[in-house]
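The values are calculated or read from the model by the stated rules, or taken from the named source; none is laboratory data. None of these values were measured; they are calculated from a predicted model. A quick note on method: Cβ atoms are made from the backbone with ideal geometry, for glycine too, and the neighbour counts reach across all protein chains shown.
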Amino acid sequence: MTERAALFTGQYPHNTGAWANGLPLGQTVRHMGQRFRDAGYGTVYTGKWHLDGHDYFGTGECPDGWDPCHWFDWRVFLASLPAAERSLIRTPDMTMDFLREHGITAQRTYGHHVSNRAILRTQRTPPKGCPLLAGGSTMSLWPSASRPAQNRRKRCAAR
């Protein structure tokens, strides 16, 4: 995701190695987690990373610069779910009826888990003299029915 590469490095995507979707940051490119950690900050990241060169769900491995105790990407979220729920995530074109039928509430979404983890971490008192940087990204929420613009495009295309 080229915009994430720019946001997290402060550089144009074509200078980061991640100049197209699915490409990792270059090995010598430093991101904000590394810079803030090196400046003495605690660093926490929850959300979609997309800068590891892996598939949409990421690797589940914490990149250098972020606290691995608080790393929470899509892969970690998927691993926390029972197998039946993991298969629900891959259901295309979810509707509100589908969500109700399967008992899926806002509290069970990826976006809720990402936000909740970040909030809980920032509420903990950091060690004295150790400021905290909490980063995250949930540009889209699971399930897809929570993305009305995408569903609206599909409905319009079907007309």
Notebook entry, point to check: Are any residues in the stretch 65-109 under 19 Å from the mean Cα position of the chain (by Cα), farther than 30 Å from LEU132 by Cα and either charged (D, E, K, R) or at pLDDT 85 or above (or both), and if so, which ones?
Noted result: GLU85, ARG86, ARG90
Note to self: Need the failing condition index for CYS62 against (1) without any contact (Cβ under 8 Å) to a residue 24 or more places away in the chain; (2) over 14 Å from the mean Cα position of the chain (by Cα), just the number.
What the structure shows: (2)
